[in-house]
1. Quick one: in segment 114-125, which of the residues that are more than 12 Å from the chain's Cα centre (by Cα) and either of a type outside the set (Gly, Ala, Ser) or within 18 Å of Lys19 (Cα to Cα) (or both) is surrounded by the fewest Cβ atoms within 10 Å (Cβ to Cβ)?
2. I need a count of the residues in segment 40-49 that are touching a residue at least 60 places away in the same chain (Cβ under 8 Å) and among the acidic types (Asp, Glu).
3. Would you be able to tell me the number of residues in segment 101-124 that are under 24 Å from Glu29 (Cβ atoms) and touching a residue at least 12 places away in the same chain (Cβ under 8 Å)?
4. Just for segment 25-44: of the residues that are of a type in the set (A, V, I, L, M, F, W, C) and more than 17 Å from Thr104 (Cα to Cα), which one is surrounded by the fewest Cβ atoms within 10 Å (Cβ to Cβ)?
5. Based on this model, can you work out whether Glu20 counts as surrounded by fewer than 18 Cβ atoms within 10 Å (Cβ to Cβ), out of contact with any Pro (no Cβ under 9 Å at 6 or more places or on another chain), under 26 Å from Ile134 (Cα atoms) and touching a residue at least 60 places away in the same chain (Cβ under 8 Å)?
6. Among the residues of segment 50-100, count how many are free of Cβ contacts under 8 Å to residues at least 24 places away in the same chain, surrounded by 12 or more Cβ atoms within 10 Å (Cβ to Cβ) and closer than 22 Å to Leu13 by Cα.
7. Name the residues in segment 60-79 that are within 15 Å of Gln38 (Cα to Cα) and not β-branched (Val, Ile, Thr), would you?
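Nothing in this text is a laboratory measurement; each read-out follows from the coordinates by a stated rule. All values reported here derive from a predicted model rather than from experimental measurement. Neighbour counts run over all protein chains shown; Cβ positions are idealised from the backbone, glycine included.
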Amino acid sequence: MLCTFLSCKEEILLVSAVKEITIPGRPNENQFVQYKIQFEVTKDDQNIEIEDIMFPQLDIKKEKLRFDIMDVSSNSIITNITKKGKYLLNIRPDNEFQNQMITTTKDEIIISLVGNNKMEQIKISSFVEKTKRIR
């Protein structure tokens, strides 16, 4: 899946959007869900920050989510994007929402970004669902 992620300038391209459900190897541990959104920034000299993330249909806002941005080339966690390259946004809801997120079919994320002093909103409503088992 490759489509425009931000504006018609195509500065950010969505590479993949995955809903990953992890099943632990121990029976007393709970399953958990994590959303992995990979995207590519196609221009240098960017200053992109995530302002807000929300699941509007489930009324889950940024305060109830843990997230980070990983620069794929260096495998390092960053707070804002300043150069072109591939990035992975990992989003994990707080424990109180895990069961609701695992069973929902209303997956829709709205991400608010500030890029070079301009606010953009991105809506993602289609995810590849994967199940991962750990030992």
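1. Asn117
2. Quick first cut of segment 40-49, residues touching a residue at least 60 places away in the same chain (Cβ under 8 Å) only: 46-49.
If we keep only those that are among the acidic types (Asp, Glu) too, we end up with 49.
Residues in segment 40-49 being touching a residue at least 60 places away in the same chain (Cβ under 8 Å) and among the acidic types (Asp, Glu): 1 in total.
3. Going through segment 101-124 one residue at a time, the tally reaches 4.
4. So the residue we want is Val41.
5. Details: surrounded by fewer than 18 Cβ atoms within 10 Å (Cβ to Cβ): yes; out of contact with any Pro (no Cβ under 9 Å at 6 or more places or on another chain): yes; under 26 Å from Ile134 (Cα atoms): yes; touching a residue at least 60 places away in the same chain (Cβ under 8 Å): yes.
Yes, satisfied.
6. Counting residues in segment 50-100 that are free of Cβ contacts under 8 Å to residues at least 24 places away in the same chain, surrounded by 12 or more Cβ atoms within 10 Å (Cβ to Cβ) and closer than 22 Å to Leu13 by Cα gives 5.
7. Phe67, Asp68, Met70, Asp71, Ser73, Ser74, Asn75, Ser76
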